[in-house]
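All of the numbers you see were taken from the coordinates with simple rules; none came from a lab. Remember, it's a predicted structure, so these values are computed and weren't measured experimentally. Heads up, the Cβs are rebuilt from the backbone with ideal geometry, glycines too, and the neighbour counts pull from every protein chain shown.
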Amino acid sequence: MKISIVGITGYSGIELIRLLHQHPTVEIVGVYADSSAGIELANYYPHLKNIYYMEIKQIDAAEIMATSDCVFFATPSGISAKLAHPFIAAKFPIIDLSGDYRLPGEKYEQWYAKPAADATDLATMQYVLADLDDKPANQQIANPGCYATATLLALAPLVKHGLVDNSSMIVDAKSGLSGAGKKLSETSHYSFIHDNMLMYKANEHQHIPEIVQKLQIWEPSIQSLHFQTSLIPVTRGIFVTAFAKVQPGVTEEQLYAAYQQVYANSQFVRVQPQGQLPNLKQVIGSNYCDLGLTLNETTGIVTVVSVIDNLIKGAAGQAIQNMNKIFDLPENAGLDFVPQFP
């Protein structure tokens with residue numbers, strides 16, 4: 001199976017290279033990025049020397065479709081909306097890791113402050129949360145965002161089983177620096193973020209409507225979600241802490257049973273033993289999402305902890321998981337590896 005990657009110079013693009021290199025049925029035949037076209041991939045990323053011998057090319061839709069079976073778009077938001085149309089129009093298999101096809105056009109422009117993609121393209125692309133959604137009807141996939149993935153996996157059993165007051169849900173989400181991408185900013189300087197922590201995009205993170213939109217599929221009465229994001233001084237990882245008021249009479253045993261049921265057949269969501277909460281080191285370098293919960297019987301508040309590697313489960317790994325789905329490959333193909341520890 002031949003694969004091309006558009007946006008190879010970003011963190012998600014280069015993570016796709018690392019993961020697909022281990023995939024038993026995949027050959028990477030083309031890597032593309034307009035700004036770095038003409039540079040040898042191993043010169044741009046020296047850690048690939050003696051592993052990959054290919055040149056980064058200018059994006060050429062016709063060439064990609066002629067030489068590949070599927071294309072990944074690992075571009076910043078706003079780029080896929082401009083470049084992906086030929087692939088979508090041709091019904092060519094495409095998996096987009098940006099936010100360009102996750103929301104309706106009007107909502108996208110409100111939260112991303114960028115022009116929305118073509119309306120027909122938006123209607124064609126399907127949002128697929130790999131660990132909970134069935135195989136999609138077509139092969140054009142909008143991959144979920146990193147915060148959205150960790151949050152939705154944390155909340156799904158509570159919402160699907162009607163165990164909490166849905167108006168009480170609060171999410172405190174923390175991400176490592178790689179979640180901000182490679183573009184430099186004042187807050188990404190080592191001297192600023194080292195030994196520091198800051199909240200950002202308070203009440204306006206673009207993953208809020210993405211999360212709410214999916215929650216409404218499971219429970220249409222949900223109108224909103226209180227969601228805040230913070231940056232922590234680690235390279236990789238998302239640590240989500242979700243809180244909600246349980247319905248009267250709900251016990252911790254019932255909560256735990258709901259998580260066990262929802263994820264009974266999931267290869268990549270690991271529910272911790274009752275009374276145990278996960279930490280980031282359990283999942284870094286892997287496609288796993290680890291979940292744990294605890295109920296405060298005095299306040300009636302359940303706390304759910306969800307941890308993922310933002311570049312794998314939150315981006316490249318889930319994209320490959322979705323690729324495996326649409327091509328009827330084993331779901332864990334290319335993803336069956338042990339987390340890095342320590």
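Structure notes:
- Magnitude of the charge dipole for the chain, about its Cα centre and with charges confined to Cβ atoms of Lys, Arg (+1) and Asp, Glu (-1), is about 320 debye.
- Set of aspartates and glutamates near Lys107 by C-alpha distance (under 13 Å), chain-local residues within fewer than 8 positions excluded: Glu204, Glu210
- Each Lys and Arg contributes +1 and each Asp and Glu -1, all at the Cβ; summed about the Cα centre of region 1-124, the dipole is approximately 200 debye.
- Once the convex hull of all Cα atoms in region 79-237 is built, its volume per residue stands at 127 Å³.
- Unit charges on C-beta of K, R, D, E only; dipole of region 122-191, Debye: 220
- Average Cα contact separation per residue, the chain, under 8 Å, 6 or more apart, as relative contact order %: 17
- Listed values (i) 63, 44, 38; (ii) 70, 48, 36; (iii) 59, 56, 51 include one computed from this model; for Cα extents along the principal axes in Å that value carries the label (i).
- Seen against the Cα atoms of the chain and their longest principal axis, helix 207-218 is set at about 60 degrees.
- For region 217-342: Kirkwood Rh in Å [reciprocal of mean 1/r, alpha carbons]: 16.2
- Within straight-line cross-link reach of Lys114, lysines at Cα separation under 16 Å, skipping those fewer than 8 residues along the same chain: Lys82
- Taking the charge dipole of the chain about its Cα centre, with +1 at Lys and Arg Cβ atoms and -1 at Asp and Glu Cβ atoms, the residue from Ile222, Val234, Leu163 reaching farthest to the positive side is Val234.
- Angle between the chain longest axis and helix 146-160 axis [Cα atoms, degrees, rounded to 10]: 40
- Under 13 Å from Lys2, Cα to Cα: aspartates and glutamates that are on another chain or at least 8 residues apart: Glu27, Glu63, Asp69
- In degrees, nearest ten, helix 11-20 long axis to first principal axis of the chain (Cα): 80
- Per-residue extension of 0.36 nm, minus the Cα-Cα distance of Gln223 and Glu204, leaves a gain of 5.3 nm for this segment.
- Over all projection directions, the Cα-based convex hull of region 78-124 averages an area of 2.8 nm².
- Rounded Å value of the spacing that divides the Cα centres of region 106-146 and region 201-227: 15
- Between the C-alpha center of region 148-195 and that of region 258-314 there is a gap of 14 Å.
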